[in-house]
Amino acid sequence: MQRITIAIEEDLLAELDRQMERSGATNRSEAIRDLLRRALTRNAPHDADCIGVISYALDLSTRDLGRRVPHTRHSRHDQAVAALSVPLDHTNAMEVTVMRGQVADVEDYAHGLFAERGIRHGHLSLVPVEDVHEFHQHGRGEPHRHSHLIVKNRF
């Protein structure tokens, strides 16, 4: 790891310190590295593998939205890993969908979802991964080939 020196205005430094408290970072270097990683994720290569965490508020009173959203996930069953819906009141829910695939595909799904009438406060978080294929044994079973997703530090 390389050490760098930066000059920063007092107001911005105070904001960084507040961010550290909120995030639980133990020092400024850790906080800055975290902020940089999140900012640079926005420029992820479109063909890179990722796990996407898509969160949004859903207004179920919007015409047919409660049927359409799960249908869009099922149309991408090879990418959809999990979905969670938390009722907030009689018509609104907070939903989280976890997708895997290439950045372009996950972003396309998320941005299409966010454009739907009745979807609010959409957010996409991308985690860079590498799909590693291995041949090994689990427990007492026969050795077999399968893949593991390895989380990378950056895209």
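The values are calculated or read from the model by the stated rules, or taken from the named source; none is laboratory data. Just so you know, these numbers come straight off a predicted model, no measurement behind them. All Cβ positions, even for glycine, are placed from backbone atoms using ideal geometry, and neighbour counts span all protein chains on display.
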With the condition kept exactly as written, say whether any residue in the stretch 32-44 is exposed (fewer than 10 other Cβ atoms within 10 Å of the Cβ) and not in a loop (DSSP other than H, G, I, E, B). yes
What are the residues in the stretch 1-31 that are in contact with a Leu (Cβ under 7 Å, 6 or more places away or on another chain) and either touching a residue at least 24 places away in the same chain (Cβ under 8 Å) or of a type in the set (D, E, K, R) (or both), if any? 28
Within the stretch 58-75, is even one residue out of contact with any helix residue (DSSP H, G or I) (no Cβ under 6 Å at 6 or more places or on another chain), under 17 Å from residue 125 (Cβ atoms) and part of a loop (DSSP other than H, G, I, E, B)? no
Which one is nearest to residue 45 (Cα to Cα) among residues in the stretch 125-155 that are in contact (Cβ under 8 Å) with a residue 40 or more places away in the chain and outside any strand (DSSP E or B)? 155
Taking the stretch 121-155 only, how many residues are among the charged types (D, E, K, R) and touching a Leu at 6+ places or on another chain (Cβ under 8 Å)? 3
Report whether or not residue 114 is of a type outside the set (D, E, K, R) and exposed (fewer than 15 other Cβ atoms within 10 Å of the Cβ). no
Is it fair to say residue 122 is surrounded by 13 or more Cβ atoms within 10 Å (Cβ to Cβ), outside any loop (DSSP other than H, G, I, E, B) and either among the aromatic types (Phe, Trp, Tyr) or at pLDDT below 95 (or both)? yes
Residues being in contact (Cβ under 8 Å) with a residue 40 or more places away in the chain and over 14 Å from the mean Cα position of the chain (by Cα): count how many of those fall in the stretch 98-124. 9
